[in-house]
């Protein structure tokens, strides 16, 4: 059973473990996740599959826009709808925001397809944004009316 919970002092290491496993390009440390807990505009949610940390999403709420900084699902839990549920959790957290933006590696076809399915559109590109390996980032945004997902 999938359970999505806000990150706490007791669970920030779970998010850090997922980040370290999934990202080779400047992954956040446990201390960085812990610092996110002190930011009024930051929200991190961790998905637990039968009690095991499976994925997370971190977003910043800066009305009128919101930004997904990081979203990741461990390889063994992919293709089970967890990322989609994490994005929906982010959307329901947006409150007074009217858009949600994220960046994705241009080669990450499966993520891009998911974002497009969820009605995100490419609005820009950041040249050589990622390292290890060097690659452009696509900027994708979903626009909506304030309060649509409350």
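Each reported figure results from applying straightforward, stated rules to the coordinates on display, with no laboratory input. Keep in mind that this is a model prediction, so the values were computed, not measured. Cβ sites come from the backbone with ideal geometry, for glycine too, and all protein chains shown count toward neighbours.
In this structure, residue 105 and residue 10 have a Cβ-Cβ separation that, at R0 = 35 Å, corresponds to a calculated FRET efficiency of about 0.65. For the stretch 2-143, the share of DSSP beta bridges that are antiparallel, to the nearest 5, is 90%.
In terms of packing, defined here as the mean over residues of other Cβ atoms within 10 angstrom, the peptides 42-53, 119-130 line up highest first as 42-53, 119-130.
In this calculation the C-beta distance from residue 60 to residue 80 is compared with R0 = 30 Å, giving a FRET efficiency of 0.70. In the set [x] 1.05; [y] 0.99; [z] 0.93, which value of Cα Rg over 2.2 N^0.38 Å was calculated from the structure you see? Answer by label: [y]. Mean sequence separation of contacting Cα pairs (under 8 Å, at least six apart), scaled by the length of the stretch 42-108, corresponds to a relative contact order of 31 percent.
Tell me, what is the percent relative contact order of the stretch 38-150, built from C-alpha pairs under 8 Å that lie six or more residues apart?
Numbers: 204 pairs, mean separation 24.6, N = 113.
Contact order relative to length: 22 percent.
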